[in-house]
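S.K.: Right, I'll just put the structure down here and ask away after.
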Amino acid sequence: MNPPWKKKYLPKIKELFPDAVTNINGVKRIKFRCFLDTRPVGVGGPEGDQFFVCSTRQDQVVYHVHEGDVENLRVLRNPEDAIDRYCAHVLRRKPGQFDFSDWSEPFRP
């Protein structure tokens, strides 16, 4: 996470997920982990989709950031189906970017 991103979005993540902030041996860590990033290798910025989990929770909620829009965080419904279909799209080398919109809805804290 680069410094401008930290300054802009970390306060929002801490506000929405206060339990994601841990303090172990005096070191603060944010346990909001990206487990899937659909951007091509070497491409950064507001493109593609990123999926996160809060590793301090066991609620199995998958949070969705579409095209870098952290302000409008989303939740992935039926993540197993969505990710299976995404993998099929990629492995079959289908053209274009996979559209997660059928599985994604606005996050409501």
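No value in this document is a laboratory result; all are computed from the given coordinates. Computed from a predicted model, the values in this text were never measured in an experiment. Here the Cβ is made from the backbone with ideal geometry for all residues, glycine too, and neighbour counts use every protein chain on show.
S.K.: Show the residues, 5+ positions off or on another chain, whose built amide H is closer than 5 Å to the amide H of residue 75.
M.R.: 64, 105, 107
S.K.: Then there is this: Would you kindly state the longest site-free stretch of the chain, with sites defined as GluC sites (Glu not before Pro) in a DSSP loop (not H, G, I, E, B) surrounded by at most 16 other Cβ atoms within 10 Å?
M.R.: My reading of the result: 1-46 is the longest stretch.
S.K.: If you add up the charges near residue 19, with Lys and Arg at +1 and Asp and Glu at -1, over every other residue whose beta carbon is less than 14 angstrom from its beta carbon, what do you get?
M.R.: The answer is +4.
S.K.: Further question on the same structure: Count of lysine pairs in the chain with Cα atoms under 30 Å apart, counting only pairs 8 or more residues apart in sequence or on different chains?
M.R.: 11
S.K.: Further question on the same structure: Specify the angular offset, from 0 to 90 degrees and rounded to the nearest 10, of the alpha carbon long axis of helix 79-91 from the longest principal axis of the alpha carbons in the chain.
M.R.: In the chain, helix 79-91 runs at an angle near 50 degrees to the longest axis.
S.K.: Still on this structure, please answer the following. Convert each backbone phi in region 11-20 into a coupling constant with the Karplus relation 6.51 cos²θ - 1.76 cosθ + 1.60 (shift: θ = phi - 60°), then list the ³J(HN,Hα) values in order as whole Hz, x for Gly and Pro.
M.R.: After applying 6.51 cos²θ - 1.76 cosθ + 1.60, I find x, 5, 5, 5, 5, 6, 10, x, 6, 7 Hz.
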